[in-house]
Amino acid sequence: MVRHFLKDDDITAAEQAEILRRALELKQAPYSARPFEGPKTVALIFDKTSTRTRVSFAVGVADLGGSPLIIDSQSSQMGGKESVADTARVLGRQVAQIIWRTYAHAGLEEMAQHAGVPVINSLSDDYHPCQILADLLTIFEHKGKLAGLKIAYIGDAANNMANSYLIGCALAGMNVAVAGPAGYQPDHGIVARAELIADKHGGSVEVFGEPIGAITDADIVVTDTWISMGQEAEKAKRLEDFAGYTIDAELMKRAKSDAIFMHCLPAYRGYEVSAEVIDGPHSVIWDEAENRLHAQKALMAWLAEQA
Ligand code: CP
Ligand code: NVA
């Protein structure tokens, strides 16, 4: 059966662990898996801008023996001109996998329904599951385990990163605490889903209306931009609404003394995080950015085997 990775719980906890194990293996031996030997082509479609995702998937496909085809949707027939279903049918006959960064999550579901090959969400308005795999790999490398650790996400708790932390880290058996101001709290449906997953895997989920409750005694502290792609017009209002949510050295003191700081990047120093923290001793952001490559290679190799 063709499998897809559109959201964090499209895989089981055991499958997530297996993908992370293979990511560690591929980090040690980068050319040891060659599922795209031929070379087979993998389509990377971008409706939104990207640096890390574009580079890590392009390099990852090449490392796996394949050829990456980068499609900017603006210069293709997609984006209102041709339907997602028809695009899926055309691509599915020629490429081995489809990686798509887009706006509405429903588009990814339509692509998956019609493509006949694995589809990977490389960020939608609702989820960024590939980033979470990279983050889990980074946490494992620095802490030696995942289950039982407390991860605190402070900032826009209603965005794609917050959703993916809630679901993906609950699946890993972690204790997930998120904090966002009024109007930026996670959707009830996401929280309920994360709670069910956490119950099953020994983790927990907590939602706070201020940063201190969430960050206290955290093993991992994370944040993300307050203004996601597509929300640029709301910038002035958001900067006001997120006052008091900057992760600075003072706030970091509430976390465990050996806590690590992560950020999916791009970061806006002085807004969601101070330069002192993101460029300081707790920060592991460059390991995290590199791990996009290893985690996604493991994901693509694993998906290729399920098809
Ligand atoms: N973190 C992340 O997805 O970065 P890009 O937007 O640069 O791809
Ligand atoms: N929440 C951010 C993540 C960027 C990688 C956005 O969607 O723009």
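Pairing each residue of the range 49-61 that is over 13 Å from D72 (Cα atoms) with any residue that is hydrophobic (A, V, I, L, M, F, W, C) and assigned to a helix (DSSP H, G or I), provided the two are 6+ apart or on different chains, yields C-beta distances under 6 Å for R52/A289; S56/L293; V59/L293; G60/L293. Do we find that Y103 is of a type outside the set (G, A, S), closer than 19 Å to W286 by Cα and either under 15 Å from the mean Cα position of the chain (by Cα) or away from ligand 1 (no atom under 16 Å from the Cβ) (or both) in this structure? Here the answer is no, as Y103 does not meet what is asked. Could you tell me whether the range 240-255 includes any residue that is free of Cβ contacts under 8 Å to residues at least 60 places away in the same chain, charged (D, E, K, R), touching a strand residue (DSSP E or B) at 6+ places or on another chain (Cβ under 8 Å) and over 16 Å from G183 (Cβ atoms)? Checked the range 240-255: at least one residue is free of Cβ contacts under 8 Å to residues at least 60 places away in the same chain, charged (D, E, K, R), touching a strand residue (DSSP E or B) at 6+ places or on another chain (Cβ under 8 Å) and over 16 Å from G183 (Cβ atoms).
Condition test on V84, is it open to solvent by less than 10 Å² (accessible area, probe 1.4 Å) and away from ligand 2 (no atom under 16 Å from the Cβ)? No; evaluated as a whole, the condition is false for this residue.
Close Cβ contacts (under 8 Å, 6 or more residues apart or on different chains) running from residues in the range 150-171 that are closer than 16 Å to Y103 by Cβ to residues that are near ligand 2 (Cβ under 10 Å from one of its atoms) and among the hydrophobic types (A, V, I, L, M, F, W, C) comprise N160/L123; M161/C264.
Has the range 231-247 got at least one residue that is more than 16 Å from ligand 1 (Cβ to nearest atom) and touching a Lys or Arg at 6+ places or on another chain (Cβ under 8 Å)? No. Among the strands (runs of 3 or more DSSP E) confined to the range 138-228, the ones with at least 1 residues that are open to solvent by less than 20 Å² (accessible area, probe 1.4 Å), closer than 21 Å to H282 by Cβ and among the aromatic types (F, W, Y) are located at 150-154. Scanning the range 34-64 for residues that are among the aromatic types (F, W, Y) and within 16 Å of ligand 2 (Cβ to nearest atom) yields F46, F57. Based on this model, can you work out whether L123 counts as within 16 Å of ligand 1 (Cβ to nearest atom), modelled with pLDDT of 95 or more and assigned to a helix (DSSP H, G or I)? Judged against the criteria, L123 is not a match. Might you check whether a residue that is free of Cβ contacts under 8 Å to residues at least 40 places away in the same chain and away from ligand 2 (no atom under 12 Å from the Cβ) occurs anywhere in the range 121-141? No, the range 121-141 contains no residue that is free of Cβ contacts under 8 Å to residues at least 40 places away in the same chain and away from ligand 2 (no atom under 12 Å from the Cβ).
Give the residues of the range 96-106 that are out of contact with any Gly (no Cβ under 7 Å at 6 or more places or on another chain) and surrounded by 21 or more Cβ atoms within 10 Å (Cβ to Cβ), sorted by residue number.
Within the range 96-106, Q97, I98, I99, W100, R101, T102 qualify.
Checking S73, S50 one by one, the residue that is within 16 Å of ligand 1 (Cβ to nearest atom), more than 17 Å from the chain's Cα centre (by Cα) and open to solvent by less than 30 Å² (accessible area, probe 1.4 Å) is S73 and no other.
The values are calculated or read from the model by the stated rules, or taken from the named source; none is laboratory data. If you're wondering where the values come from, they're calculated on a predicted model, not measured in any experiment. Cβ coordinates were reconstructed from backbone atoms using ideal geometry, including for glycine residues, and neighbour counts include every protein chain displayed. Calculation scope for accessible area: heavy atoms of the full protein, side chains included, ligands and nucleic acids excluded. Shrake-Rupley method; radii C 1.70, N 1.55, O 1.52, S 1.80 Å.
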